[in-house]
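Novice: What follows is a structure written as structure tokens; I'll ask about it next.
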Amino acid sequence: MSEQVTIYGDERNRSEAFQMMLNKAPARGDVKSQTLAGKEVKYMPIGLVEKTLDEMYNGLWQITDIRHTVTLNAIAVELTLQVYHPTAKLWLSRAGVGAIKVQLNKDAQSMDVTQIKADAIQKGLPAAKAMAVKNAAQTLGVVFGRDLNRDTNDEFIYLSEQ
């Protein structure tokens, strides 16, 4: 849980300027798409999300509290992404979740655990973790892909504009 911080004057201006950077849309070339269940879904690759975390937070970010669950047909990951806010000078925490279907051998029934591919967990667990990191990062700002698959984008109104 983050502590309450009161920001005054120049500090508030720097904090607001940083928030404005977080709420810029990602570059068009940074957004990829894929078809899932017949619908086009936009996303940002994990490498780009990690690079943006490095740039925005000067490399001061970490993943903690990683938990995973393997069920009959899915791998789920929960984690906490922590970033050191450069103007507020404190660590912020964001929860993230991700899940991926367990890969089965060709023509296998969806719940047949005897048909799980030999490397399904080895491939699926990092993929679910990447999804969880991206999910947590999206809560930090639009630059991490927050609004990519939303029908509407809420306009952020800064204190200086009110």
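The values are calculated or read from the model by the stated rules, or taken from the named source; none is laboratory data. Only a predicted model underlies this, so the values are computations on that prediction, with no experimental measurement involved. Glycine gets a Cβ as well: all are built from the backbone with ideal geometry, and neighbour counts include every protein chain shown. Accessible surface is based on the protein model in full, side chains and every heavy atom, while ligands, DNA and RNA are left aside. Shrake-Rupley method; radii C 1.70, N 1.55, O 1.52, S 1.80 Å.
Novice: Please verify whether the stretch 84-94 includes one or more residues that are aliphatic (A, V, I, L, M) and under 16 Å from Gln138 (Cα atoms).
Specialist: Among the residues of the stretch 84-94, at least one is aliphatic (A, V, I, L, M) and under 16 Å from Gln138 (Cα atoms), which makes the answer yes.
Novice: Here's a follow-up. Taking the condition hydroxyl-bearing (Ser, Thr, Tyr) and either surrounded by 14 or more Cβ atoms within 10 Å (Cβ to Cβ) or under 21 Å from the mean Cα position of the chain (by Cα) (or both), does Thr87 pass?
Specialist: When the stated conditions are applied, Thr87 passes them.
Novice: Moving to a separate point now. Examine the stretch 109-116 for a residue that is polar (S, T, N, Q), free of Cβ contacts under 8 Å to residues at least 40 places away in the same chain, over 25 Å from Asn23 (Cβ atoms) and part of a helix (DSSP H, G or I), and state whether such a residue exists.
Specialist: Checking the stretch 109-116: at least one residue is polar (S, T, N, Q), free of Cβ contacts under 8 Å to residues at least 40 places away in the same chain, over 25 Å from Asn23 (Cβ atoms) and part of a helix (DSSP H, G or I).
Novice: Kindly indicate the residue of the stretch 35-61 that is among the β-branched types (Val, Ile, Thr) and out of contact with any Ser or Thr (no Cβ under 8 Å at 6 or more places or on another chain) and also surrounded by the most Cβ atoms within 10 Å (Cβ to Cβ) among those meeting that condition.
Specialist: Filtering the stretch 35-61 for residues that are among the β-branched types (Val, Ile, Thr) and out of contact with any Ser or Thr (no Cβ under 8 Å at 6 or more places or on another chain), the one surrounded by the most Cβ atoms within 10 Å (Cβ to Cβ) comes out as Val49.
Table: residues versus (1) open to solvent by 90 Å² or more (accessible area, probe 1.4 Å); (2) assigned to a helix (DSSP H, G or I); (3) at pLDDT 90 or above; (4) of a type in the set (Val, Ile, Thr).
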position	(1), (2), (3), (4)
Met1	yes, no, no, no
Arg14	yes, yes, no, no
Gly29	no, yes, yes, no
Ser33	no, no, yes, no
Ile63	no, no, yes, yes
Thr69	no, no, yes, yes
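Novice: Could you check how many residues of the stretch 71-90 are part of a strand (DSSP E or B) and among the β-branched types (Val, Ile, Thr)?
Specialist: Count: 4.
Novice: Those residues that are in a helix (DSSP H, G or I) and over 12 Å from Tyr84 (Cβ atoms), I need them from the stretch 40-53; list them, please.
Specialist: Hits for the stretch 40-53 are Ile46, Gly47, Leu48, Val49, Glu50, Lys51, Thr52.
Novice: Of the residues that make up the stretch 118-138, is at least one outside any helix (DSSP H, G or I), more than 15 Å from the chain's Cα centre (by Cα) and at negative phi?
Specialist: Yes, the stretch 118-138 contains at least one residue that is outside any helix (DSSP H, G or I), more than 15 Å from the chain's Cα centre (by Cα) and at negative phi.
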